[in-house]
1. Of all residues in region 202-258 being under 11 Å from the mean Cα position of the chain (by Cα) and among the small types (Gly, Ala, Ser), which is farthest from Leu328 (Cα to Cα)?
2. Of everything in region 262-273 that's touching a residue at least 60 places away in the same chain (Cβ under 8 Å) and not hydroxyl-bearing (Ser, Thr, Tyr), which residue is surrounded by the most Cβ atoms within 10 Å (Cβ to Cβ)?
3. I'd like to verify a number: residues in region 1-43 that are in contact with a strand residue (DSSP E or B) (Cβ under 7 Å, 6 or more places away or on another chain), touching a residue at least 40 places away in the same chain (Cβ under 8 Å) and not aliphatic (A, V, I, L, M), how many?
4. Test each condition in (1) among the hydroxyl-bearing types (Ser, Thr, Tyr); (2) more than 20 Å from His129 (Cβ to Cβ); (3) surrounded by 23 or more Cβ atoms within 10 Å (Cβ to Cβ) for Thr205 and report the one that comes out false.
5. In the list Phe294, Phe195, which residue meets the criterion of being among the aromatic types (Phe, Trp, Tyr) and under 28 Å from Glu58 (Cα atoms)?
6. Which of the numbered conditions does Gln183 fail, given that it passes all the others? Conditions: (1) touching a residue at least 12 places away in the same chain (Cβ under 8 Å); (2) surrounded by 15 or more Cβ atoms within 10 Å (Cβ to Cβ); (3) over 29 Å from Ala245 (Cβ atoms).
7. Restricting attention to region 7-16, does a residue exist that is within 25 Å of Phe226 (Cβ to Cβ) and surrounded by 11 or more Cβ atoms within 10 Å (Cβ to Cβ)?
8. Within region 109-141, count every residue that is assigned to a helix (DSSP H, G or I) and more than 20 Å from the chain's Cα centre (by Cα).
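The values are calculated or read from the model by the stated rules, or taken from the named source; none is laboratory data. This one's a predicted model, so the numbers in the text were calculated from it and none came from an experiment. Neighbour counts run over all protein chains shown; Cβ positions are idealised from the backbone, glycine included.
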Amino acid sequence: MNNNHLMNTYSQWPVTFVGGEGAYLKDEKGDVYLDFVGGIAVNALGYNDEGLTAAIREVLDSGVLHVSNLYYNAYVLEAARKLAELSGMEKVFFCNSGAEANEAALKLARKWGSGKNKSTIISMLDSFHGRTYAAVTATGQKKYHRNFAPLPPGFLYATFNDLDSVKALVDERTCAVIVEPIQGEGGIVPATTEFLRGLRELCDTHDLLLIYDEVQCGMGRSGKPFAHQLYGVKPDILTTAKALAGGIPAGAMMAHGKARDVFVPGDHASTFGGNALAARGVIHMCDTLRDEGFLSHVEAMGSYLRKKLEELQARFPTLITAVRGVGLIDGIALAIPPKEVVSKCFAKKLLVLSAGSDVVRFVPPLIITEKEIDAAIEILQESLSEIRS
């Protein structure tokens, strides 16, 4: 495998995938892997989904992939309408990734606060919001800040699920709070309902914007179209990406109420944001997530997976210290480095990944079945047994 020209920014496993079907990937040697990574929560519909393939082909056959945002394309208005309806928001800005969506949200918050002399943004420790400068500064993990100083000023960090720690940071300069309803990279930690309700009340009391980062936990991953719908606590700004267009690169920043009309022409832009290919993928994903049967399947498979993980915890109580998750974003906290488990599973043709410092994460395609969960659990059990012995 010749890797002389790719920049060394990823610790990659020695495999090249060339095909896929459902929840399975095939490498260039013909070996088949059961995928519980899902492109890191991107490939919600699995591989070779007929509907998404047809949607992509429709755009390719038109011959128009990109016309710039000086003009509308054939799909972007419908994509914006369906996404707004699905999320409960009012206005949509399309971009290409989660980091870009969060950059847009942070800029919107700063513009909204500029006339009030408000600019400070409160984020959470152990959060993850992306790799661009503002997004990585909002990320409450020092390891992502190392060697990139000076970082943009005006960010403070509270403790996730600790409302008092947020209150202690609010002052007359605060303009917004950004939070993941379910922390993904931080270790698969769901927010409590009390915490999100408290943030909503705090923001309303002090005239702040509440931003939810649903880049990973949105688009059906939680068992609802968006995780905030599980909690019944609505943000002012909502970001999403990853599974937004079913695997086509796409991101979105949405707003409603007092945040809805903050941006005007010239404030922000994205060359490829809302291009025809991505917008058609968004339409297909939104239509899929309007199917209650699809979401019921996610909830059922999520419950089944956690049940099986809890049974593993009972079998390996000294190795597995906790089982956490909602819908099909789940994890096991370990008493050993997660890479040991990830590596053994990889050798047995099961793809899983880590989260935080001690968690093995499971974010399979949302079409995953009980049979495939059983197969993954069997491999995970074999791997843990080898480690324990």
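1. Gly251
2. Filtering region 262-273 for residues touching a residue at least 60 places away in the same chain (Cβ under 8 Å) gives 262-263, 267-273.
If we keep only those that are not hydroxyl-bearing (Ser, Thr, Tyr) as well, we get 262-263, 267-269, 272-273.
Numbers: Val262: 21, Phe263: 19, Asp267: 12, His268: 18, Ala269: 13, Phe272: 17, Gly273: 23.
That would be Gly273.
3. Summing the residues that are in contact with a strand residue (DSSP E or B) (Cβ under 7 Å, 6 or more places away or on another chain), touching a residue at least 40 places away in the same chain (Cβ under 8 Å) and not aliphatic (A, V, I, L, M) in region 1-43 gives 4.
4. (3)
5. Phe294
6. Of everything listed in (1) touching a residue at least 12 places away in the same chain (Cβ under 8 Å); (2) surrounded by 15 or more Cβ atoms within 10 Å (Cβ to Cβ); (3) over 29 Å from Ala245 (Cβ atoms), Gln183 misses just condition (3).
7. The answer is no; no qualifying residue exists.
8. 6
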